Amino acid sequence: MTETVSVWGKADASSGKGASDENFPVGSFLLSKELRPHVHAYYAYARTVDDIADSETLSPKDKLARLNAMEEVLLGTREPINRPDAMSAATLRTTLLQTGVPFETATDLLVAFRDDSRGTDYKNWQDLLHYCKYSANPVGRFLIDLHKETPASYAASDALCTSLQVLNHLQDCQKDLRILKRCYLPTDMLKLAGASESDLEDGRTPPRLRRVFNNLLDAVDDLNKQATTLPAYMKSRRFRMECAAIVELAHRLTLRLRRQDPLAGRVALTKTDATHAALAALRVWS
């Protein structure tokens, strides 16, 4: 019992973030009623491990111990205790066993969150892509496998998930540095533009940092183009509509980040953007 308490600790690591903080609908009504509980189980687990990595009170050592314990519960090598974090892993284990979705869609997330816990530098775009491969892409693959859709859609899904992750980094770049002492902007891009992490502390984006943002958004544009093919792969009408809506939201958030300053205030999607996403979903109804 002593070892169990020392691993899990006494405090909840919740960040207070929820579905409303995401750039995409989590388990929305477009998904079939039968699959929604499985989506919610995955989201609860993903949110929990993210919260552990983002905790302001846990040490890096404690974060890694908690993440390792979550993985052991998920894989069935540790008995869960009656805590929200442990139970989220146990619930997702049940979902994965029931649905046949690969466990890698859950364990891969831990690769990224362990990097966050240790404090990893991103020297270039490839480093950032590697992070997104584990922090974001498993989410899309979980949904594809849950719907029994074709693996041929993985590449387009990976592009969309990576796009959304980079956009989220740009939205939260100032907060990530101030609160988490974390910067996802590639070092080589900052250096080439004559910018530095300290520029993120300003109340507005200086031109040198704006060049970095624009370079990242150019790369996101390429990802968004790849992602436009995703809905066509989907046999499930509901899931096809969900994919089309999220692809549209990625395009619209990219435009907003080009036109607005993320250091002056969080750039977020609007009701107008949601309307356009709904129209995009309707266009793939048939």
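Numbers for the structure displayed
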{"quantity": "Rounded percent of accessible protein surface that carbon and sulfur make up, the chain, 1.4 Å probe", "calculated": "54 percent"}
{"quantity": "Proportion of all alpha-carbon pairs of the chain beyond 31 Å (%)", "calculated": "29 percent"}
{"quantity": "Proportion of all alpha-carbon pairs of segment 88-134 beyond 17 Å (%)", "calculated": "45 percent"}
{"quantity": "Per residue, in Å², the accessible surface of segment 77-133 once ligands and nucleic acids are set aside, probe 1.4 Å", "calculated": "49 Å²"}
{"quantity": "Surrounding net charge for K123, when Lys and Arg each add one and Asp and Glu each subtract one, Cβ distance under 11 Å", "calculated": "-2"}
{"quantity": "Surrounding net charge for R204, when Lys and Arg each add one and Asp and Glu each subtract one, Cβ distance under 13 Å", "calculated": "-2"}
{"quantity": "Spread of Cα-to-Cα distances over 10 Å intervals beginning at zero, given as percent, for segment 157-286", "calculated": "13, 40, 29, 14, 4, 0"}
{"quantity": "Förster radius 41 Å - calculated FRET efficiency between I179 and A155, Cβ distance, rounded to 0.05", "calculated": "0.75"}
{"quantity": "Size of charge dipole - the chain - debye, nearest 20, with Cβ of Lys, Arg +1 and Asp, Glu -1, no other charges", "calculated": "740 debye"}
{"quantity": "Within a Gaussian network of the chain (alpha carbon springs, distance under 10 Å), most fluctuating of Q260, Q98, Q165", "calculated": "Q98"}
{"quantity": "Cα-Cα over 24 Å, subset of K148/K271; K133/K181; K61/K181", "calculated": "K148/K271"}
{"quantity": "Segment 22-168 shape via C-alpha gyration tensor axes, a/c threshold 1.5", "calculated": "oblate"}
{"quantity": "Within-12-Å neighbourhood charge of R259 [Cβ basis; K, R +1; D, E -1]", "calculated": "+3"}
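The values are calculated or read from the model by the stated rules, or taken from the named source; none is laboratory data. Small disclaimer: the values here were computed from a predicted structure and weren't measured. Neighbour counts run over all protein chains shown; Cβ positions are idealised from the backbone, glycine included. Note: accessible area is taken over every heavy atom of the protein model, side chains too, but ligands, DNA and RNA are not part of it. Shrake-Rupley method; radii C 1.70, N 1.55, O 1.52, S 1.80 Å.
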